[in-house]
Structure formats: structure tokens, C-alpha cells
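One structure is given below, encoded as C-alpha cells.
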Amino acid sequence: MTTDAGEMSLTVDELAARAGVTVRTVRFYGSKGLLPPPVIGPRRVGRYGARHLARLALIEELQRQGMTLAAIERYLGQLPSDLSAYDLAIHRAVVASWAPDSVETLSRAELDRRAGRVLADEELERLAAAGVLVTGNASDTEGTDGEEDGFRVDTGLLRLGLELLDVPLSQGTILAAREVLMEHSRAAARELARLFRGEVAERDTRDVRDLSAHIHPLVVQALLTTFQRSLREELSELLSGEGPSGG
């Protein structure tokens, strides 16, 4: 499902499975202009890439926020048409920050359906280690009580966790990265809360709630923007050999 250049190349059936939607839904979004048209390959078969998958994930997140189709059309219509999958993922992360924590109990079959494929036991273990899900029982293999009890799934993290399964990094590295992000994000949150505390101390409860509702997405977007720029600079130095390991 990749081209010689390493780019994702999916049929409409593969795209729908990966996104956890139906082929009919994909075609409907395409007809409404929510998805760019596929690249027409040999035998007139449409091929979809990472940008299509990222757009579907963003649409899913907007729907979770309770947005109507018309509102989603307006939202996507304001975005540049050539946004990369990376940029779309940033938008989805900002949108997801507006939602309260959401945990659902899913059966093994439903979890596989949302993943777009049958997840191996090893993949379930990696998702559990990353904090994306916990099993209802100590065992999660088919035919056990774990299957009957289902999985407690953080649906806000599920898509990210599934994408991490395809990243060529060891589980130890991913878990270490998660700890780094958790540690520093909590520290940043504490410092920002300390800065804002003086601003809200003299306001009534309604004003504080209104201010929080406005500040939350703005702060998250600012953190994402500054972080992605810093990470891009660090990775550029690493790849160019100018970082600490490059001598």
C-alpha cells in the first residue's frame, strides 16, 4: 500500500478500512468537496494517500465535537487546500483539545473495526503500554474473558496510538518519549496556570469559565506550534549532522 517513493497509496476500500468508515462515506465526502479527489492510477483505479486519511481523521474529530456537516464544510473550506497530512494532524490535535476526556468500552470486534484491520495481540499490548487502552481482564486473546469484557479505550488517543503502531521505533523509545512529553507538558501547564491565576482571582465563576473556554484552544495551538518548530529544528540538526552526535 505504498509507492516506490514510500508514499502511502490506498484504494478506496483500504482508505475506508484504515479510517474506520464505509466506502459510501468516503465517496460522499468526496462529492461534498471535503476530500480532494484521488490520483487516478493504472486501470483507472483511484489511489488515496496520507492527506486523505488525515482529512478523514479531522472530519471524525469535528463530528465528535458535535459539528454539523455544514459547519464541517465551512471549517474545512477555510483551510488551505494543499495542507499536508502533518498540518492536518496539527489541526486535529487542536480540535481534540476542546473535547472532554472520552473513554469507551469496546469489544475486540469494534476495536478492530475502528482500527481498520485486525489487531494482533502484540499490537494490543503496545496500545495498552502507551495508555491508549486497558483490557477488561488480564487476558485479551480471542475467546477469553478479555474478549467478553472488552477494552476500556481512550478514544481521543486511539487514532494516535494506531498511527504509532506503524512508526519504526521500538516500544521502549515510544514509552520513553511519552514520559518526556507528559513530564514537560505538566510542567508547562503548571506554569501557565500560575501565570493565569492572578488574572482570574478577582473574577466571578462565569467569567472564569468563559476565559478558560477561550484560553484552552489558544494555549494548545500555541504549544503545538512552538513545539513543532522546535522539533523541526532539532531534527534538521540531527539529519544534517550538526547536532550533539554529529561532532
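The values are calculated or read from the model by the stated rules, or taken from the named source; none is laboratory data. Quantities reported herein were computed from a predicted structural model and do not represent experimental measurements. Here the Cβ is made from the backbone with ideal geometry for all residues, glycine too, and neighbour counts use every protein chain on show. With ligands, DNA and RNA removed, areas are computed over all heavy atoms of the protein, side chains included. Shrake-Rupley method; radii C 1.70, N 1.55, O 1.52, S 1.80 Å.
Overview of values
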| read-out | value |
| --- | --- |
| Residue within region 64-78 that is under 30 Å from residue 109 (Cα atoms), out of contact with any helix residue (DSSP H, G or I) (no Cβ under 6 Å at 6 or more places or on another chain), in a helix (DSSP H, G or I) and among the polar types (S, T, N, Q) present | no |
| Residue match in region 4-18 (condition: at pLDDT below 85, within 25 Å of residue 164 (Cβ to Cβ), surrounded by fewer than 13 Cβ atoms within 10 Å (Cβ to Cβ) and not charged (D, E, K, R)) | yes |
| Extreme residue, most open to solvent (accessible area, probe 1.4 Å), among residues of region 140-155 that are assigned to a helix (DSSP H, G or I) and at pLDDT below 70 | 148 |
| Some residue of region 193-213 being within 23 Å of residue 93 (Cα to Cα), modelled with pLDDT of 75 or more and outside any loop (DSSP other than H, G, I, E, B) | yes |
| Tabulated pairs, region 155-169, first over 12 Å from residue 123 (Cβ atoms), second of a type in the set (Gly, Ala, Ser) and part of a loop (DSSP other than H, G, I, E, B), C-beta under 9 angstrom, 6+ apart or interchain | 155/102; 156/99; 156/102; 157/130; 157/131; 159/20; 160/130 |
| Residues satisfying the stated conditions in region 89-112, i.e. in a helix (DSSP H, G or I) and modelled with pLDDT under 85 | 89, 90, 91, 92, 93, 94, 95, 96 |
| Residue satisfying condition, being open to solvent by less than 30 Å² (accessible area, probe 1.4 Å), under 25 Å from residue 95 (Cβ atoms) and not in a helix (DSSP H, G or I), within set 58, 35 | 35 |
